[in-house]
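The values are calculated or read from the model by the stated rules, or taken from the named source; none is laboratory data. None of the values given here were measured: they were computed from a predicted structure. In case anyone asks, the SASA skips ligands and DNA or RNA and just uses the protein heavy atoms, side chains included. Shrake-Rupley method; radii C 1.70, N 1.55, O 1.52, S 1.80 Å.
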Amino acid sequence: METVAPEITYLVHQLQESEYEKARHYAVLSLGQMGDTSVIPHLLKTLQDDPNPTVRAMSANMLGHQGDNRAVPTLFQVFMSDTEIGVRINIVQSLSKLGAVETLPFLFDSIRQTQEPGLL
């Protein structure tokens, strides 16, 4: 069984339990910069579930920073369902970093349909 670093355990706890946006934002940023692929499921869950769009946007950003293509399906799914422009922009950037060219036609169609200022 693989041992989880105490820092990761602490940050994941902050991410899941803290009522403070800044604590969750810091946890996402710190986890994303660790370079440990074991954090990816936690970043994906945060992208999907956090009530704060700034925390979700940072999670999307850090998933792109990780460089792991396993994040592509969830990034795409959240792009299609999240209405926050900042989250969507970070997802597009991350999908671009991950080379997920297969998502581009769907992203552009969705952007054209919503006509969000700043996306085109």
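Number of residues in segment 1-39 that are of a type in the set (D, E), farther than 22 Å from I89 by Cα and in a helix (DSSP H, G or I) equals 2.
Residue count for segment 110-120 satisfying the condition of being open to solvent by 70 Å² or more (accessible area, probe 1.4 Å) and modelled with pLDDT of 70 or more: 1.
Summed over segment 78-104, residues that are modelled with pLDDT of 90 or more, small (G, A, S) and within 20 Å of L29 (Cα to Cα) total 2.
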